[in-house]
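Below is one structure; the comments refer to it alone.
The values are calculated or read from the model by the stated rules, or taken from the named source; none is laboratory data. This one's a predicted model, so the numbers in the text were calculated from it and none came from an experiment. No Cβ is skipped: glycine too gets one built from the backbone with ideal geometry, and neighbour counts run over all protein chains shown. Areas reflect the complete protein model, heavy atoms only, side chains present, ligands, DNA and RNA absent. Shrake-Rupley method; radii C 1.70, N 1.55, O 1.52, S 1.80 Å.
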Amino acid sequence: MRNALMVAAREYAENARTKGFWIGILMVPVLLVGAVFVMRWLASDATPTRHYVVVDQTGRYEDALQRRMDLRYAASAFSSYSSWVQRNQKEEFKGVEVDLESMPAMNLADFNADTFLDRLIEEQGEEKFEALIEPGGFDELVEQARPRLVETAGEFEVPRRFFRSLPLPADLGIDPMTAKPDEVAEALKPYLRGEKEMQVDGKPVQLFAALIIPAEVDEHFDPLPEGETESSGVIGDVADGIRALTGANQPPPVQYWSGNLADSDLFERLRGNLDRELRQSQFVKRGIDVGLVAGVQRMALPIKKLDPDKETGKEEVSQADVLRENAPIGFVYILWISIMQVASMLLNNTIEEKSNRIIEVLLSSVTAWELMAGKLLGIAAIGLTMLLTWIASAAAMLWYWASPEAEAITNLASVIFDSTLLPAFVFYFLLGYFMYASIFLAIGSICNTIKEAQNFMGPVMMIMIVPILTMAFIPKDPHGTLATVLSWIPLYTPFVMMNRAAADPPAFDLYGTAIMLVFANIAMLWLCGRIFRTGILRTGQPPRFKELLGWLRRGD
Amino acid sequence: MSELALELRGVSKHYGDLKAVREVDIAVPAGAIYGFLGPNGAGKTTTIRMILDIVKPTAGTISVLGAPSALDVRERIGYLPEEKGLYKKMKASSIIAYFAGLKGIDRKTARTRAYELLERYGLKDFADAKIETLSKGMGQKVQVLASIAHQPEFVILDEPFSGLDPVNQQVMEDVIKDLSKAGSTIIFSTHVMSHAERICDRILLIAKGTKIFDGTIDEAKKKIPNRVRLQADAGNDQLRALPGVLQVDAVEDDLHEDLWDLTIEEGAEAQQILQTCFAQGITLRSFDHNEPTLHDVFVELVGEDAREAQKR
Ligand SMILES: Nc1ncnc2c1ncn2[C@@H]1O[C@H](COP(=O)(O)OP(=O)(O)OP(=O)(O)O)[C@@H](O)[C@H]1O
Ligand SMILES: [Mg+2]
């Protein structure tokens, strides 16, 4: 035992002392955080302002469109303002809402920011944002908030606009209001192709898109003239007083011109707002109270998600619960990565010892079992060091970012440091590690070069990939056949049970698979130990499968 | 020298059809310096590995320092394997201390010993250098020191001289002599007969897995016939007729056609032959009579096997 521990200590020191090891470990959190920042940056600063022109031959849409785009902009600027205030508030104001009414909580489902902004406008009323559109619109708000902010708060930087409409260029050579839509498009093409540039505040910019709304595009939607009936309709079918045009009778469509096919944000936004304006105007034309419709549209039945497995009175499903159900995916992934990583360390340094022939000296000093145990333990300690570093850096980051505003992060922290998930993680890490590490060790012992080892790693990887392929599905059906069957295959138990851990698996599965895993580990250690003992001293070609079976039987 | 440090009885090792070692008996008295000699592929390394219980014999029994397996007494044994290698990233002193530690020496003692040994054998400046920065020969010296840092009473060195320059070969001889003076029993294998001749008390000669000779160096020299080499204007028959000459062989040599090897009777004096030649009027251009060296013994006893092994 003393010898095994000495071997373990050496393995640990050799790996933990290298810079590469720590760089590798710290890389993971740094990359994760980096990815978040890069994504944010791509979403904001990296996207240039998109300039567009609107040719509205109906004369009815342009202003409404502009107003709507302005409101959206104001709402999004306001939400930045609100975060800015939250971040810079004095301690005693933390958790207190920022003037206006409360911000709607950013739901995990609101991945589409547009939906969120529309809800914000809807709930707070358009008037509140009108004042914010113009430059300087936030001055008053910032002054109001000032007393509750810390000294170091600095200035609020009003976000720039991502979409900006421009007046039409003067040199089009046609009257855009009366020309045919195709002629207008033709006249605008040099700008859209970048052959000509537009001017904004004296600086040249490229035109990103043009929206051409033909004059007769929406007339057929208008209410039927007095006296006309459904049956007398000549240019289309009429149902419930609304005319639908078919085939050749359809009016020319609205044209959205843009050379950039990939970025469809502007297109989606314009289309949504056009439809919105059409509906608004039709409500008016049909004598329907727009305010009433808006009010009705805001109506929603109160609805709660409840979980029968939770305590009475606390059955409501919170965001934390949703995270909790999904967190195991992240855990499984980290489990897999870390087991792979440390087990391959073992493979590499076993091959090193073998090709350096250090192994013979070692084996004249320690038994093969002691050597194997020492290596397994030493690298297990490396693995735990790695995990602890990750957990600690996760804790540090979450602690740094947690705030009442960042409810999601707070919830994430509570899920990660949940009382059962972390111990389960460590348990499955250790047992999963010993299982795969002994396999890797056995492979290392029969190969002389990394290249030879790769032939053996192929099949092992095929086996190991399964939990990764299934990890996203298992939480959706945590007690289904797939999950249950995989849980009972010891090679998969650590991953799949980790996957199911948050869904309170049945006690039989939980303890049954754990006991089985322990026994499988013992069996695997024994089997791989026999291979290791014989293989480690062998030189030349790796043995054939039949030979391996012979070693297992005789163990010589 | 009653006690035996090592005893092998009827030890064989078969690798499939290949009989690497065949029924070898060895008895090494405590305190001896014992040389394992033999051509390539003779089975020296295999025998050594079996002694250390790294490889299990197919048949026979081995007793090391009274124990059935070297692993039972591994704290008392030091081993330098044939293929040398060390952890490249470790420091010379740490490696010596590590292996001494594995042999049961406590950390502090192991560290002091490591520095002492490195200093004594001329590696003081490299004590804190990583192995990868040392030359092959220096690395090998470090490895030798690592195998003896725990002051073992039984040391087994497989080809300790290979890869060393003449100065370091001398250092290696000193290491062995120092160990012996301190009371250790030493076994080493080598292809360099002069080392064996200088430092061994006894040698084991082995070829094709079979023991050819086991005894002191003087005994070994007696095994081969007395020879005289001469260059003369005389025919085979004329030389054969000289008194005391058993056999005459023409030496295969492209430069000289008149070079002969005479095998003479045991007890016959080379001087006598020389005088008879003069008496008979045979013109001698050269006359050579040397005591047989271990080298001659080797070539005589296992030369055939060695050449065969080379052809294979
Ligand atoms: N692991 C092995 N598997 C199969 N054959 C082996 C193995 N080890 C050694 N042999 C064979 O056993 C025979 C003896 O080898 P061994 O290494 O003992 O020779 P040696 O006397 O040490 O030679 P050298 O002077 O070249 O080191 C050789 O024919 C060799 O091919
Ligand atoms: Mg050898």
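Remarks
- Checked against (1) more than 30 Å from residue B:10 (Cβ to Cβ); (2) facing chain A (nearest Cβ under 7 Å); (3) not small (Gly, Ala, Ser), residue B:56 passes all but a single condition, namely (1).
- Selection status of residue B:114, more than 16 Å from ligand 2 (Cβ to nearest atom), among the small types (Gly, Ala, Ser) and either at pLDDT 90 or above or open to solvent by less than 40 Å² (accessible area, probe 1.4 Å) (or both): yes
- Residue B:197 satisfies every condition listed in (1) within 14 Å of another protein chain (Cβ to nearest Cβ); (2) away from ligand 1 (no atom under 16 Å from the Cβ) except (1).
- All positions within the range A:332-381 that are within 14 Å of chain B (Cβ to nearest Cβ) and farther than 27 Å from residue B:74 by Cα: A:345, A:348
Okay, residues lined up against (1) farther than 29 Å from residue A:255 by Cα; (2) over 28 Å from the mean Cα position of the chain (by Cα):
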position: A:272; (1), (2): no, no
position: A:275; (1), (2): no, yes
position: A:294; (1), (2): no, yes
position: A:308; (1), (2): yes, yes
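- Test for residue B:95: is it open to solvent by less than 10 Å² (accessible area, probe 1.4 Å) and not assigned by TED's automatic domain parsing to the domain that holds residue B:156: yes
- Test: residue in the range B:56-65 that is modelled with pLDDT under 90 and either within 15 Å of ligand 1 (Cβ to nearest atom) or not assigned by TED's automatic domain parsing to the domain that holds residue B:9 (or both): yes
- Those helices (runs of 4 or more DSSP H) lying entirely in the range A:113-156 with at least 2 residues touching a Gly at 6+ places or on another chain (Cβ under 6 Å) and β-branched (Val, Ile, Thr): none
- The residue of the range B:27-41 that is surrounded by the most Cβ atoms within 10 Å (Cβ to Cβ), among those that are closer than 30 Å to residue B:181 by Cα and within 16 Å of ligand 2 (Cβ to nearest atom), is B:38.
- Exactly one residue among B:88, B:108 is more than 23 Å from residue B:207 (Cβ to Cβ) and either part of a helix (DSSP H, G or I) or open to solvent by less than 50 Å² (accessible area, probe 1.4 Å) (or both), and that residue is B:108.
- Members of the range B:165-186 that are more than 15 Å from the chain's Cα centre (by Cα) and either in contact (Cβ under 8 Å) with a residue 60 or more places away in the chain or assigned to a loop (DSSP other than H, G, I, E, B) (or both): B:165, B:180, B:182, B:183, B:184
- Residue that is most open to solvent (accessible area, probe 1.4 Å) [pool: residues in the range A:311-326 that are closer than 21 Å to residue A:410 by Cα and part of a loop (DSSP other than H, G, I, E, B)]: A:314
- Condition check for residue A:28: open to solvent by less than 100 Å² (accessible area, probe 1.4 Å) and either within 14 Å of another protein chain (Cβ to nearest Cβ) or more than 20 Å from residue A:206 (Cβ to Cβ) (or both): yes
- Meets criteria (open to solvent by less than 10 Å² (accessible area, probe 1.4 Å), in the same structural domain as residue B:74 (by TED's automatic domain parsing) and of a type in the set (Val, Ile, Thr)) for residue B:148: no
- Qualifying helices (runs of 4 or more DSSP H) (wholly inside the range A:462-545; at least 3 residues being surrounded by fewer than 21 Cβ atoms within 10 Å (Cβ to Cβ) and in contact (Cβ under 8 Å) with a residue 60 or more places away in the chain): A:507-535
- Test: residue in the range B:195-202 that is in contact with a Gly (Cβ under 9 Å, 6 or more places away or on another chain), within 16 Å of ligand 2 (Cβ to nearest atom) and of a type outside the set (A, V, I, L, M, F, W, C): yes
- The range B:16-26, subset within 11 Å of ligand 1 (Cβ to nearest atom) and surrounded by fewer than 15 Cβ atoms within 10 Å (Cβ to Cβ), residue nearest to residue B:201 (Cα to Cα): B:18
- Filtering A:74, A:46, A:4, A:9 for residues that are out of contact with any strand residue (DSSP E or B) (no Cβ under 9 Å at 6 or more places or on another chain), more than 14 Å from every other protein chain (Cβ to nearest Cβ) and in a helix (DSSP H, G or I) leaves a single hit, A:74.
- Yes/no for residue B:142 being away from ligand 1 (no atom under 16 Å from the Cβ), buried (at least 19 other Cβ atoms within 10 Å of the Cβ) and assigned by TED's automatic domain parsing to the domain that holds residue B:18: yes
- Scanning the range A:327-344 for residues that are touching a Gly at 6+ places or on another chain (Cβ under 9 Å) and open to solvent by less than 10 Å² (accessible area, probe 1.4 Å) yields A:335, A:338, A:339, A:342, A:343.
- Qualifying residue in the range B:69-81 (condition: of a type outside the set (Ser, Thr, Tyr), open to solvent by 20 Å² or more (accessible area, probe 1.4 Å) and within 16 Å of ligand 2 (Cβ to nearest atom)): no
- Considering residues of the range B:87-99 that are touching a residue at least 40 places away in the same chain (Cβ under 8 Å) and in contact with an Asp or Glu (Cβ under 9 Å, 6 or more places away or on another chain) only, the residue farthest from the other protein chains (Cβ to nearest Cβ): B:92
- The set of residues in the range B:68-79 that are facing another protein chain (nearest Cβ under 8 Å) and in contact with a Pro (Cβ under 8 Å, 6 or more places away or on another chain) contains only B:77.
- Among (1) part of a helix (DSSP H, G or I); (2) within 16 Å of ligand 2 (Cβ to nearest atom) - the single one residue B:161 does not satisfy: (1)
- Total residues in the range B:37-55 satisfying the condition of being more than 8 Å from ligand 1 (Cβ to nearest atom) and either among the basic types (Lys, Arg) or touching a residue at least 24 places away in the same chain (Cβ under 8 Å) (or both): the figure is 4.
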